[in-house]
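Undergrad: Have a look at the structure that comes next, please.
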There are 2 protein chains.
Amino acid sequence: MSIMDKLYEKVEDRGNTCVGLDTSLDYIPLSIKRKFTNYEDMIFNFNKEIIDSTFDRVACFKLQIAYYEAQGIEGLRAYSKTLKYIKEKNSLAIGDIKRGDIKDTAKMYAKAHFEGELEADFITLNPYMGMDSIDPYLPYIKKGDKGVFILLRTSNKGAEDIQYIESKDGKRVYDIVGEKISYMGKEYIGEKGYSQVGAVVGCTHIEEGKGLRKELNNTFFLIPGYGAQGGSAKDVAIYLNKGNGGVVNSSRKIILAYKDHEGEAVGFYARQEVIRMNDEIKDALNI
Amino acid sequence: MSIMDKLYEKVEDRGNTCVGLDTSLDYIPLSIKRKFTNYEDMIFNFNKEIIDSTFDRVACFKLQIAYYEAQGIEGLRAYSKTLKYIKEKNSLAIGDIKRGDIKDTAKMYAKAHFEGELEADFITLNPYMGMDSIDPYLPYIKKGDKGVFILLRTSNKGAEDIQYIESKDGKRVYDIVGEKISYMGKEYIGEKGYSQVGAVVGCTHIEEGKGLRKELNNTFFLIPGYGAQGGSAKDVAIYLNKGNGGVVNSSRKIILAYKDHEGEAVGFYARQEVIRMNDEIKDALNI
């Protein structure tokens, strides 16, 4: 069973939600900050409370590494510790690192993020340097226990600058990237019909979403843009295949849910928001 | 005086060479490894020997962060220590991180790599997500003491996959990226005529090089591809403006120069190769 099969099963069992652990220091309530003397412990324990309260109802967790790098070495230790804890909980983790570089360098990134202290089940990659910048990750994918999500169509406004450039054949850059992802992934399709080479596809562009879902039938999607970024459950539904084939990331709406209430019950309100989000997506699929 | 002015002056005084500290553990000789008990010290002291032996003859140093991430937290500590040491030597450092992400995340990367433990003078960025993914670095650029190099035309074969896509107007993707870099940089042109928004342009594509150098007259180039990657000094010369306006990266040919000789004189042979490379580029400019 490949790692993408495992993710598929998590979606079946627990729902489409991917919790974005984009943990900024500002997000951590005083009650947690006061208990610890260093950033590493503050960040890790905030994450731990969210993981403990939600892991049985979510497909996976995504750690945006920029938030950890911003706290230097201590932040990266918290990143490492959080990934290990997610593994202990028998959950899955995406390292949202968006790396992309020449072959020799990519080999080092693969070693960094698929082995050792920063090891995740999946990582995100940037295709601007071309598909030979993805190749060095394939040996890990071949073994079955690692997967990647390659940036295809991102959810930000500026995405149009490059991804929307129309080629002389009438295709857009993101269409061409999609073809390459689909082609590269053909060798790594698991029991559930999805390749271990996935794609990042924002849910804020409905017509494109329909086209991409159809074209990339064996490609699992990591879907940002829901919630704080403006995408609705109905939008998300378009990017799924009968409710699977994609995980939907939400970060601030989950990890800061406690701020809409009295007290500092981080885990309790994160869980409530996860359940609400799973249900909302399920409802949208039934329409 | 902006940071790009400072880099310009270093090129005037010391030459075009940028030493790529892509320090793999395998590169470190036994004589250094034996002296230390952990990877952090081994990596840092190997780098230190090269910096001490070359800083007065090079424009700057470039640290490819992937090699450090591959050694986990210890590697990143060595990355941090090396950056600090370069600063002590009154030299300039490029953090080759090739990050690119949405606004909120980019703010975190800017904090991570322009402040605190991982602080560099310059960083490299990936434009696939569009120019709003570059905006969060501009406040640092505005202050004058930080600069960026945005991936434009990279030196690897696969670069053609995306960067070569021809648009319906007959421009290639990298031409369009170049226009955007040039436009964004206009506000940040220093005394020496170069913007603090630079570009990464591989020196392995001569005809393109001529075009890009002409079009991007105010853009400083970080030029990979020399030496181990196949580019010659003659190729490099095309990407420079009267010998300035660009730094030329070489990594293995400098940091592994000692391997072509008896003994393990890392610093001595690194310096020899730096001087040879500076001279070779100067000669090529005079032809």
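Undergrad: Measure up B:K48/B:K210; A:K146/B:K48; A:K35/B:K142; A:K259/A:K282 against 31 Å on the Cα-Cα distance and list the ones that go over. Don't jump to the answer; show the numbers that get you there.
TA: Numbers: B:K48/B:K210 36 Å; A:K146/B:K48 36 Å; A:K35/B:K142 39 Å; A:K259/A:K282 26 Å.
Distance filter (> 31 Å) returns B:K48/B:K210; A:K146/B:K48; A:K35/B:K142.
Undergrad: Could you please report the charge total around A:S250, scoring K, R as +1 and D, E as -1 over all other residues with beta-carbon less than 11 angstrom from its beta-carbon? Kindly include the intermediate steps, with their values, before the conclusion.
TA: Numbers: positive: A:K62, A:R252, A:K253, A:R276; negative: A:D22, A:E273, A:E280.
Spelling it out: positives minus negatives among the neighbours equals +1.
Undergrad: When only DSSP loop residues count, what trypsin sites (Lys or Arg not before Pro) in the stretch B:99-158 have their Cβ near at most 15 other Cβ atoms within 10 Å? Mind dumping the intermediate values first?
TA: On the way: sites: B:R99, B:K103, B:K107, B:K111, B:K142, B:K143, B:K146, B:R153, B:K157; in loops: B:K143, B:K146.
Those that pass, being in a loop and sparsely packed, are B:K143.
Undergrad: On to the next question. Obtain the radius of gyration and the Kirkwood radius of the stretch B:238-287 from its C-alpha atoms and give Rg over Rh.
TA: Details: Rg = 12.9 Å, Rh = 12.0 Å.
Rg/Rh for the stretch B:238-287 comes to 1.07.
Undergrad: Another question about this same structure. In the stretch B:3-282, with Lys and Arg counted as +1 and Asp and Glu as -1 at Cβ, which of these residues, B:G178, B:T17, B:A228, has the Cα nearest the positive end of the dipole, that is, farthest along it?
TA: Most positive-ward Cα: B:T17.
Undergrad: To one decimal place, what orientation-averaged projected area in nm² is obtained for the convex hull of the Cα set of chain A?
TA: On the way: hull surface 58.0 nm².
Across all orientations, chain A yields a mean hull projection of 14.5 nm².
Undergrad: Equivalent ellipsoid semi-axes for the protein assembly as shown, as square roots of 5 times the alpha carbon gyration tensor eigenvalues: give them largest first, rounded to whole Å. Each step should come with its number before you reach the end.
TA: Working: eigenvalues 312, 147, 92 Å².
Calculated on Cα positions only, the semi-axes equal 40, 27, 21 Å.
Undergrad: Where q = 0.13, 0.16, 0.17, 0.21 Å⁻¹, what log10 of I(q)/I(0) comes from the Debye formula for the stretch A:54-123, counting one point per Cα?
TA: After summing over all Cα pairs, the log10 values are -0.37, -0.55, -0.61, -0.89.
Undergrad: Across bins of 5 angstrom width beginning at 0, how are the C-alpha pair distances of the stretch A:154-236 distributed, in whole percent?
TA: Each 5 Å bin holds this share of Cα pairs: 3, 15, 23, 24, 19, 12, 4, 0.
Undergrad: With only Lys, Arg, Asp and Glu charged, each at its Cβ (+1 for the first two, -1 for the last two), find how big the charge dipole of the stretch B:3-282 is about the Cα centre; round to the nearest 20 debye.
TA: That gives a dipole near 260 debye.
Undergrad: Same structure again: Compute for the stretch B:142-188: radius of gyration divided by Kirkwood radius, i.e. Rg/Rh, restricted to C-alpha atoms, rounded to two decimals. All intermediate terms of the calculation are to be shown ahead of the outcome.
TA: Details: Rg = 13.1 Å, Rh = 12.1 Å.
Computed over Cα atoms, the ratio is 1.08.
Undergrad: Continuing with the same structure: Which loop-located GluC sites (Glu not before Pro) does the stretch A:119-207 contain, where loop means any DSSP state but H, G, I, E or B and the Cβ has at most 14 other Cβ atoms within 10 Å?
TA: On the way: sites: A:E119, A:E160, A:E166, A:E179, A:E187, A:E191, A:E207; in loops: A:E119, A:E191.
Sites meeting the loop and neighbour criteria: A:E191.
Undergrad: Also, I was wondering about something else. Let me know the mean shielding of A:70-78 by other chains, meaning the per-residue number of their Cβ atoms within 10 Å of its Cβ. Write down the numbers at each step before the final one.
TA: Working: counts 11, 5, 10, 9, 2, 5, 8, 3, 0.
Mean partner-chain Cβ count within 10 Å for A:70-78: 6.
Undergrad: Name the residues whose placed amide hydrogens come within less than 5 Å of the amide hydrogen of B:R172, ignoring near sequence neighbours (fewer than 5 apart) on the same chain.
TA: Those lying under 5 Å, H to H, from B:R172 are B:S167.
Undergrad: Per residue of the stretch B:124-141, in order, report the coupling 6.51 cos²θ - 1.76 cosθ + 1.60 (Karplus, θ = phi - 60°) as ³J(HN,Hα) in whole Hz, putting x for Gly and Pro.
TA: 9, 10, 10, x, 4, 7, x, 6, 6, 7, 9, 3, x, 8, 5, x, 6, 5
Undergrad: Also, I was wondering about something else. Exposure proxy check: B:M1, B:M277, B:M129 ranked by fewest other beta carbons within 10 Å? Present the calculation step by step, with values, prior to reporting the outcome.
TA: Details: B:M1 12, B:M277 24, B:M129 27.
In increasing order of surrounding Cβ atoms, one gets B:M1, B:M277, B:M129.
Undergrad: Same structure, new question: How high is the FRET efficiency between B:N217 and A:K157 when r is their beta carbon distance and R₀ equals 25 Å, given to the nearest 0.05?
TA: Numbers: r = 29 Å, r/R0 = 1.18.
After rounding, the FRET efficiency stands at 0.25.
Undergrad: I'd like the Karplus ³J(HN,Hα) series for the stretch B:5-13: coefficients 6.51, -1.76, 1.60, θ = phi - 60°, whole numbers in Hz, and an x wherever there's a Gly or Pro.
TA: The phi angles translate into 4, 5, 5, 4, 5, 4, 4, 4, 7 Hz.
Undergrad: Just to confirm a number: summing +1 for Lys and Arg and -1 for Asp and Glu over residues other than A:R34 whose beta-carbon lies under 13 angstrom from that of A:R34, what do you get?
TA: Details: positive: A:K33, A:K35; negative: A:D41, A:E264.
With Lys, Arg at +1 and Asp, Glu at -1, the neighbours total 0.
Undergrad: What value does the stretch A:1-63 have for Rg/Rh, both radii from Cα atoms and Rh as Kirkwood defines it?
TA: Values: Rg = 14.2 Å, Rh = 12.9 Å.
Rounded to two decimals, Rg/Rh equals 1.10.
Undergrad: Treating the beta-carbon of each Lys and Arg as +1 and of each Asp and Glu as -1, no other charges, what is the dipole magnitude of the protein assembly as shown about its Cα centre, to the nearest 20 debye? Intermediate values should be presented prior to the final figure.
TA: Details: 82 positive and 86 negative charges, 4 e Å.
So the magnitude is around 20 debye.
Undergrad: Three principal axis extents, largest first, for the C-alpha atoms of the stretch A:84-228, in Å?
TA: 44, 35, 31 Å, listed from the longest principal axis down.
Undergrad: FRET efficiency for A:E115 and A:F36, Cβ-Cβ distance as r, R0 = 30 Å, nearest 0.05?
TA: Numbers: r = 29 Å, r/R0 = 0.96.
Working from the Cβ atoms, E equals 0.55.
Undergrad: Considering chain B as a Gaussian network with a 10 Å cut-off on Cα pairs, which listed residue, B:A233, B:A159, B:A93, attains the greatest mean-square fluctuation?
TA: Top of the fluctuation ranking is B:A159.
Undergrad: Can I ask one more? Report ³J(HN,Hα) in whole Hz for each residue of the stretch A:99-116, in order, from the Karplus equation J = 6.51 cos²θ - 1.76 cosθ + 1.60 where θ = phi - 60°; Gly and Pro get x.
TA: Values, residue by residue: 7, x, 7, 4, 3, 4, 6, 4, 4, 5, 4, 4, 4, 4, 10, 10, 9, x Hz.
Undergrad: Once both labels are modelled 7 Å past Cα along the beta-carbon direction, what's the B:D135-B:M1 spacing in nm?
TA: Those two pseudo-labels are separated by 3.4 nm.
Undergrad: Based on C-alpha coordinates, I'd like the Rg and Dmax of the stretch B:168-287, in Å.
TA: 16.3, 57
Undergrad: When the scattering of the stretch A:111-192 is computed by the Debye formula from its Cα atoms alone, each counted once and equally, what is log10 I(q)/I(0) at q = 0.26 Å⁻¹?
TA: -1.31
Undergrad: Can you list, largest first and rounded to whole Å, the semi-axes you get for the stretch A:1-130 by taking the square root of 5 times each eigenvalue of its Cα gyration tensor?
TA: Details: eigenvalues 118, 84, 26 Å².
Ellipsoid semi-axes (Å, largest first): 24, 21, 11.
Undergrad: Further, regarding this structure: Which trypsin sites (Lys or Arg not before Pro) in the stretch B:239-271 pass both tests, a DSSP loop state and at most 15 other beta-carbon atoms within 10 Å?
TA: Values: sites: B:K242, B:R252, B:K253, B:K259, B:R271; in loops: B:K242.
Those satisfying the criteria are B:K242.
Undergrad: Let me know the whole percent of all Cα-Cα pairs from the stretch B:54-94 that are separated by more than 14 Å. Walk me through the numbers before you get to the answer.
TA: On the way: 382 of 820 pairs.
Beyond 14 Å sits 47 percent of the P(r) for the stretch B:54-94.
Undergrad: Looking only at A:D52, A:D169, A:D104, which one moves most when chain A is put into a Gaussian network model with springs between Cα atoms under 10 Å?
TA: Of A:D52, A:D169, A:D104, the most mobile in the Gaussian network model is A:D169.
Undergrad: For B:E207 and B:E9, what does the FRET efficiency come to when R0 = 45 Å and r is the distance between their Cβ atoms, rounded to the nearest 0.05?
TA: Working: r = 31 Å, r/R0 = 0.69.
After rounding to 0.05, the efficiency reads 0.90.
The numbers here are math on the coordinates, done by the rules we state, and not lab data. Only a predicted model underlies this, so the values are computations on that prediction, with no experimental measurement involved. Quick reminder, even Gly has a Cβ in these numbers, built from the backbone with ideal geometry, and neighbours come from all protein chains shown.
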